[in-house]
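Participant: To start, I am sharing the structure in question, which I have written as structure tokens.
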Amino acid sequence: MSKEFKRTLVTTALPYANGPVHIGHLAGVYVPADIYTRFLRLRGEDVVMIGGSDEHGVPITIKARKEGVTPQDIVDRYHGIIKDSMAGLGISFDIYSRTTSKMHSATASEFFRRLYDKGEFVEKTSMQLYDEEAGQFLADRYVTGECPHCHADGAYGDQCEKCGTSLNATDLINPHSAITGNVPVMRETRHWYLPLDRWQNFLEKWILEDHKEWKSNVYGQCKSWLDLGLQPRAVSRDLDWGVPVPVEGADGKVLYVWFDAPIGYISNTKEFLPDSWEKYWKDPETRVINFIGKDNIVFHCIVFPAMLKAYGDNFQLPDNVPANEFLNLEGDKISTSRNWAVWLHEYLVDFPGKQDTLRYVLTANAPETKDNDFTWRDFQARNNSELVAILGNFVNRAMVLTHKYFEGKVPVADGIAETDSNALAEVAAAGRALTTALEGFHFREALKEAMNMARTGNRYLQETEPWKIAKSGDMERVGVILNTALQICASIAVAFEPFLPFMSGKLCKMLGMGDLCWDMVGKTDNVAAGTQLGEPELLFEKIEDEAIQAQIDKLNAAKEANKINSWKAAPQAPDVDFDTFMKADLRVGTVLECERVPKADKLLRFLIDDGLEKRTIVSGIAAHYAPETLVGKQVVFIANLPPRKLRGIVSQGMILSAENADGSLTLLTPMAQATPGAQVK
């Protein structure tokens, strides 16, 4: 970093409290933010990590309406789930609060009022969609219709989820209200706007000239917005859920969530540090870091800084915004609406004690420069072949051998050989590279360097073979080797603390280590000779195929459920006249025999009692019914189709079935027993 700061304020994007958090949120924001904060704490720096739930979004009101409860019920439920699951994963917020707090409401109201009194807003009257039956203006997510770009049906008023294009509700083709299903009308409404164009020149210099060190995805997206020219953006909307607009004549209007939510960083800091919060926001010697996903770049790099500049009072702008790209799941985009996600609170139940495995995999596979993919097989492989076989294996060997040969006491290291000093030097070099990577927000690279310490340790033990030397009786040399291995273990305990805090805590206990500091990485005297070690414990355990298959099955079930939920009836076929329809002779028959057609996976041969004479019909429903279950059942069939040979069998008709949303077939049968040969009319 080019400038020295006295303290650091770390903020994390506020998740919507309309559902739990999933691995996409974790990989994009919360795990990297926690790694960085833990790193600064180990360096003894003054750092505060601020988080909280965003509880005023339209998705919350939609979910409440669907469930028949209040928005407060929704946010109370999910705020608790999010807060508890984050803590369960070791995300070490100094405070995790919420935007429905009294502190936030007061802070956001004061913020708006100050800008209003300073004349920083412009008032505009515009035409917006209005649902006459519901008696309310329709916020973007309350409008659905055809996307004007890809023409997919079901696009929202703010975005098409199929093509990803940002929209305005008035852009939609054939819009409908998500509340009543009615076609909305245009009606005049008045709102306040923040004129971002006033800050165009300032933002161009601040971002494009002063922060060229920002990640290319962040810098590039900001440049695109600035090149297009900034436009005024509404800060209020017509809703009954949110922070009320604190001016006269604003009944039924609340602060727009994009304006309201980032103020939550300030209100949550005030809640945590009521007497000293200002030094973390207004002192030029404070460094502000915003950890976000790429969908929030414009709000944190352009909109919120413009808000802070408009407010004045020396609010500090972010020094860096290390936004990540998106994490996909098993080759598909994570989607909360389709339940295509790995939910943190469920993971903690399904994989108890394996918090660090998830933290490790999400960091090793982090979408730092491009979208990346999480797969359960990769999760299993990284746990078993890296955490168990490399990191856990090295520590376990060092601990077990020390207990075996020295009764669990750290041996003296007299007479260090070149092999020993080389290994320690490699660890120290990895520590320096690790530090550089963390300072630059390169967390994947940092994790590789930490793992290189364990690889060095494994290679060192393999090369020195203390178990063989012990057989020769040279226990002094064995002592040097194991002391060296234990010093590497101590460096690992410190180096991995930001990434794998649960493992680090367990290892520190085994090594008898007290408080950690970052300067201990690469040192050769972190565990003193004579220290009594704790009993060896396995740091990681293998994950079996059955546990992974259960997760894959869960996703497959979600995929099938999505297929059913998104199913729509096929368009109606062209009209036929009544006389044409009547030419089809539909009848009821009783199944006398049913068997599979040899060498044909899909075909069943039926012998039908049709009331006239027995007839054979071949039908492609073998994947959906066992033949023995159909004997004695009645079916509906078309009797007057010309005979057709299928797999050498003459089929005399067609048995009727309905294709369901999941692709299964249901035979059409009469509701009550009918006489064989009865015509369907």
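The values are calculated or read from the model by the stated rules, or taken from the named source; none is laboratory data. Model, not experiment: these values are computed from the prediction. Methodologically, a virtual Cβ is constructed for each residue, glycine included, from the backbone with ideal geometry; neighbour enumeration extends over all protein chains shown. Remember, those area values only see protein heavy atoms, side chains included, never the ligands or the DNA or RNA. Shrake-Rupley method; radii C 1.70, N 1.55, O 1.52, S 1.80 Å.
Participant: On alpha-carbon atoms, Rg over Rh for the stretch 546-597 using Kirkwood Rh?
Facilitator: Numbers: Rg = 21.3 Å, Rh = 16.6 Å.
My calculation puts Rg/Rh at 1.28.
Participant: Still on this model: Accessible area per residue, 1.4 Å probe, Å², for the stretch 516-599: what's the number? Don't skip to the answer; put the middle values down first.
Facilitator: Values: 5860 Å² over 84 residues.
Per residue, the stretch 516-599 has 70 Å² of solvent-accessible surface.
Participant: Testing the spin-label approximation: label points 7 Å from Cα along Cα→Cβ at Leu656 and Asp371. State their distance in nm.
Facilitator: Computed distance between label sites Leu656 and Asp371 equals 4.4 nm.
Participant: Calculate what fraction, in whole %, of the accessible area of the stretch 170-246 sits on carbon and sulfur atoms when a 1.4 Å probe is rolled over the protein chains.
Facilitator: Ligands and nucleic acids excluded, carbon and sulfur reach 49 percent.
Participant: Rounded to two decimals, what ratio of Rg to Rh does the stretch 260-356 give with C-alpha atoms and a Kirkwood Rh? Please list the in-between numbers first.
Facilitator: Numbers: Rg = 17.7 Å, Rh = 16.3 Å.
Result for the stretch 260-356 is an Rg/Rh of 1.09.
Participant: Can you list the lysines whose alpha carbon is less than 17 Å from that of Lys468, not counting same-chain residues fewer than 8 positions off?
Facilitator: Lys404
Participant: Would you list the membrane-span-like helices of the chain, meaning whole DSSP H runs whose alpha-carbon atoms span at least 24 Å along their axis and whose mean Kyte-Doolittle value is at least 1.0? Numbers along the way, then the final one.
Facilitator: Numbers: long enough: 71-88 (25 Å, -0.48); 418-439 (31 Å, 0.13); 443-464 (32 Å, -1.00); 475-495 (29 Å, 1.35); 545-565 (30 Å, -0.80).
Correct list, ordered by number: 475-495.
Participant: What aspartates and glutamates could a cross-link reach from Lys212, if we take a straight Cα to Cα line under 14 Å and drop same-chain neighbours fewer than 8 places away?
Facilitator: The reachable aspartates and glutamates, counting only those whose Cα sits under 14 Å from Lys212, are Glu204, Asp319.
Participant: With a ≥ b ≥ c the root eigenvalues of the C-alpha gyration tensor of the stretch 569-681, is it rounded (a/c under 1.5), prolate (a/b larger than b/c) or oblate? Intermediate results must be reported in sequence, preceding the final value.
Facilitator: On the way: a/c = 1.44, a/b = 1.19, b/c = 1.20.
Verdict is rounded for the stretch 569-681.
Participant: Restricting to bridges with both residues inside the chain, how much of the DSSP beta-bridge set is antiparallel, in percent to the nearest 5? Walk me through the intermediate numbers first.
Facilitator: Details: 54 of 75 bridges.
Expressed as a percentage, antiparallel bridges in the chain total about 70.
Participant: Can you quote the Å³ per residue value for the convex hull of the Cα atoms in the stretch 85-178, rounded to an integer? Can you show the working numbers first?
Facilitator: Details: hull volume 18.9 nm³, N = 94.
Here the figure is 201 Å³ per residue.
Participant: I would also like to ask the following. Using packing as a proxy for protection, rank 609-620, 468-479 so that the peptide with the highest average count of other Cβ atoms within 10 Å comes first.
Facilitator: Values: 609-620: 17.2, 468-479: 14.7.
Descending packing order for the listed peptides: 609-620, 468-479.
Participant: Still on this structure, I have one more. Let me know the shape class of the stretch 1-92, please: from the alpha-carbon gyration tensor, a ≥ b ≥ c as square roots of the eigenvalues, rounded when a/c is under 1.5, otherwise prolate if a/b is greater than b/c, or oblate. Mind dumping the intermediate values first?
Facilitator: Numbers: a/c = 3.07, a/b = 2.51, b/c = 1.22.
Prolate, because a/c is 1.5 or more and a/b exceeds b/c.
Participant: Provide Rg over Rh for the chain; use the alpha carbon set for both Rg and the Kirkwood Rh (inverse mean inverse pair distance). Spell out each step's value before the answer.
Facilitator: On the way: Rg = 32.8 Å, Rh = 29.9 Å.
Looking at the chain, the ratio lands at 1.10.
Participant: Right, another one. So how do 349-356, 237-244 stack up, highest first, on mean other-Cβ count within 10 Å? Provide the component values of the computation, followed by the final result.
Facilitator: Values: 349-356: 15.4, 237-244: 19.9.
Those peptides, ordered most packed to least, come out 237-244, 349-356.
Participant: Let me ask you something else. Mind ordering 433-439, 553-559 by average Cβ neighbours within 10 Å, highest first? Walk me through the intermediate numbers first.
Facilitator: Working: 433-439: 19.1, 553-559: 13.3.
My ranking of the peptides, most packed first, is 433-439, 553-559.
Participant: In deg cm²/dmol and to the nearest 500, what is the mean residue ellipticity at 222 nm of the chain if only DSSP H runs of at least 4 residues count, each as -39500 (n - 2.57), divided by the residue total? Could you put the intermediate results ahead of the total?
Facilitator: Details: 20 runs with 248 residues, N = 681.
Rounded to the nearest 500, the figure is -11500 deg cm²/dmol.
Participant: Moving on. Over 26 Å between Cα atoms: which of Lys63/Lys223; Lys162/Lys563; Lys282/Lys370; Lys3/Lys118 fall into that group? Please list the in-between numbers first.
Facilitator: Numbers: Lys63/Lys223 35 Å; Lys162/Lys563 15 Å; Lys282/Lys370 34 Å; Lys3/Lys118 33 Å.
Correct reply: Lys63/Lys223; Lys282/Lys370; Lys3/Lys118.
Participant: Shifting gears a bit: Could you tell me which of rounded, prolate or oblate describes the stretch 18-61, using a ≥ b ≥ c as the square roots of the eigenvalues of the alpha-carbon gyration tensor, with rounded for a/c under 1.5 and, failing that, prolate when a/b is larger than b/c and oblate otherwise?
Facilitator: Numbers: a/c = 5.27, a/b = 2.15, b/c = 2.45.
It comes out oblate by the Cα gyration axes.
Participant: Something else about it: If the limit is 18 Å between Cα atoms, which of Lys602/Lys645; Lys83/Lys279; Lys354/Lys559; Lys509/Lys542 go over it? Can you show the working numbers first?
Facilitator: Numbers: Lys602/Lys645 15 Å; Lys83/Lys279 26 Å; Lys354/Lys559 26 Å; Lys509/Lys542 22 Å.
Those over the limit are Lys83/Lys279; Lys354/Lys559; Lys509/Lys542.
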